[in-house]
């Protein structure tokens, strides 16, 4: 076999080589975006002995807290930025900006976007709230909301999901649930993460079975 034939007989393995760049590390595109908020929102920053802070966000729907590491700097664009709690004036256009000490460090850069998202979600949850609809698709699938006999003052979902027995799921205190139709569940809450976890708990009772026509699916909010 000639050298040319041997080369054709064996496929080539091509390795992608990434060129090194001397440019500086990019900052977090999400983290550097200012968070706008209405005048009904106030912030209170509590600093612990280790330098880390807890940002308490208060709004019409309640209060929530977000941990802020000591490498963050928070800046409000209102005259009341130096007060605690920070309350914007009605004539201002309030926003909150987050910066980190060293954007070239991976930990700081990754936390930058995360903390900005958590604070923005807290603002939205305490003003507008979050809505997550669930749709039950399957023969005989249905859900109803009723009093929970095991927890005083709480509600639970009574669901028929194709089992020989009903499925009962207690609704957490910080979540409101309703069943406008037997095959639809609407969840409302101020914490996006907690809302998603509760929806996942419901879905675990009936995982998608597309080939059998039985699917419990999370629909985007309209």
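Things worth noting here:
- Ranked packing of 62-72, 185-195, 147-157, most packed first, by mean Cβ within 10 Å: 185-195, 62-72, 147-157
- Highest-first arrangement of 115-124, 160-169, where packing means the average Cβ count within 10 Å: 115-124, 160-169
- In plain terms, the chain from residue 39 to residue 61 could stretch by 6.6 nm, reckoned as 0.36 nm per residue minus the Cα-Cα distance.
- Separation of the residue 137 and residue 47 label points, Cα + 7 Å toward Cβ, nm: 5.3
- Rounded Å value of the spacing that divides the Cα centres of the range 89-131 and the range 179-200: 24
- Shape of the range 130-218, Cα gyration tensor, a/c cut at 1.5: oblate
Computed from the coordinates by the stated procedures, all read-outs in this text should not be read as laboratory data. Keep in mind the model is a prediction, meaning the values are calculated, not measured. With ideal geometry, Cβ positions are generated from the backbone for all residues, glycine too; neighbour counts draw on all protein chains shown.
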